[in-house]
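Participant: Right, I'll just put the structure down here and ask away after.
Since every read-out is calculated from the coordinates, none of them should be taken as a lab result. Model, not experiment: these values are computed from the prediction. Because the Cβ atoms are built from the backbone with ideal geometry, glycine has one as well, and the counts that use them run over all protein chains shown.
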Amino acid sequence: MCAAVLVLEAIALALAVPVMIGVGDVAPGAALAAGLGLAAACVVVAGLLRRPAGYALGWALQVGAVALGVLVGAMYGLGALFLLLWATADLLGRKIERERAAAFAAYDARRAAEGDPDPA
């Protein structure tokens, strides 16, 4: 889920660049560097989510997306929306993984108590 949030966020950040230039009167170089830089970072971090550090980088990207509000006020709202999506995906994903591990442990314990051989 987290990777999907980051990819969608990358698309939104890339599409926000023309808005920053046209509506926010941000210099094109700054808008391109900030918007496309964060968009590219989102795609890279989506690929790094196999490692725990990827999640920490994902949280840092959310702070960066909210900080784009300094350039254009509407980015505070968009950044907050993606922060909420990221937090939900991360926290629910962790909960699902804990419950899944507990279910597998209970299954293994039940099989061991019944004397069933290991299926592997």
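Participant: Among 17, 70, 63, 23, which is more than 19 Å from residue 4 (Cβ to Cβ), touching a Gly at 6+ places or on another chain (Cβ under 7 Å) and of a type outside the set (Gly, Ala, Ser)?
Facilitator: 17
Participant: Among residues belonging to segment 71-85 that are without any contact (Cβ under 8 Å) to a residue 24 or more places away in the chain and under 17 Å from residue 41 (Cβ atoms), point out the one that is surrounded by the fewest Cβ atoms within 10 Å (Cβ to Cβ).
Facilitator: 83
Participant: In segment 65-100, how many residues are among the small types (Gly, Ala, Ser) and under 12 Å from the mean Cα position of the chain (by Cα)?
Facilitator: Qualifying residue count, segment 65-100: 5.
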